[in-house]
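Here is the structure we will look at, set down as structure tokens.
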Number of protein chains: 2
Amino acid sequence: MTTQKVNLIEKFELINEYWQPRIAGELNGQQIKIAKLKGEFIWHHHDNEDEFFMVIKGNLKIALPDQEINLGEGEFFIVPRMVEHKPIADEEVWVMMFEPTGTLNTGNIRSELTKEELENI
Amino acid sequence: MTTQKVNLIEKFELINEYWQPRIAGELNGQQIKIAKLKGEFIWHHHDNEDEFFMVIKGNLKIALPDQEINLGEGEFFIVPRMVEHKPIADEEVWVMMFEPTGTLNTGNIRSELTKEELENI
């Protein structure tokens, strides 16, 4: 386990791809992930994991079955397990996530967007 | 479980006390806590919980047995379980924490700073 501090902005500046979460920290069986997002993701849900999304820079929409959440900088939203959702970034957005280790980015769906192995950053 | 977004700054503005964590979210058996800190806390550790500290505003020092971590805005540090630590805020600092539900703020120590029941915010 790292015993160094992490500067989020410095870590985000190392990321060159969209929709590719990287692991920035791990604790209590959970991971801190960061990702740059742009465009529309796919509809999916997670059977057993709630997902925390916090915007560090930019704006993120999270489409839900019955509403759309609009997150600005310093705002977070927790998507409960089993709830269908689709992240949408009209412009590039920097997002921090907090979820159990092993949570698959595309949840119940396998697609070309699925990332099986995440790298540390 | 809340299905509303949370604006961290708005939540911090509701806090009038130091060293009084409030629960801003809950997921997967973990809690998102926020607190305003000023002054020195006590040395303590947590037997079974790693603790995530992220600075939202201001600067936080975390004294460890062999070093001192200095966190500025947008920086986080994970204190591993069993590691003695003492948070120090020379000036007011706004901190977000991730830790398992039920984690006691003073860990292995009971003192007047111990908060048994945390309120939601």
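The values are calculated or read from the model by the stated rules, or taken from the named source; none is laboratory data. As the structure is a computational prediction, the values presented were derived from the model and not from experiment. All Cβ positions, even for glycine, are placed from backbone atoms using ideal geometry, and neighbour counts span all protein chains on display.
Data overview
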read-out	value
Any hit, the stretch B:13-26, residues being among the small types (G, A, S) and crowded, with 17+ Cβ neighbours inside 10 Å	yes
Residue check, A:E99 surrounded by fewer than 15 Cβ atoms within 10 Å (Cβ to Cβ) and among the charged types (D, E, K, R)	no
Spans of strands (runs of 3 or more DSSP E) in the stretch A:28-91 with at least 1 residues touching a residue at least 40 places away in the same chain (Cβ under 8 Å) and under 18 Å from B:A24 (Cβ atoms)	A:30-40, A:51-57
Count of the stretch B:96-107 residues which are within 13 Å of chain A (Cβ to nearest Cβ), in contact with a Leu (Cβ under 9 Å, 6 or more places away or on another chain) and either at pLDDT below 90 or within 19 Å of B:I42 (Cβ to Cβ) (or both)	1
Pairs where the first residue, in the stretch B:101-121, is of a type in the set (D, E) and the second is surrounded by 13 or more Cβ atoms within 10 Å (Cβ to Cβ) and not in a loop (DSSP other than H, G, I, E, B), C-beta under 8 Å, 6+ apart	B:E119/B:R22; B:E119/B:I23
Flag if B:I109 is closer than 23 Å to A:G74 by Cα, in a loop (DSSP other than H, G, I, E, B), more than 13 Å from the chain's Cα centre (by Cα) and among the aliphatic types (A, V, I, L, M)	no
Residue that is farthest from A:F41 (Cα to Cα) [pool: residues in the stretch A:4-20 that are among the β-branched types (V, I, T) and at the interface with another protein chain (Cβ under 7 Å from one of its Cβ atoms)]	A:V6
The one condition in (1) under 18 Å from B:M97 (Cβ atoms); (2) facing another protein chain (nearest Cβ under 8 Å) that A:Q31 fails to fulfil	(2)
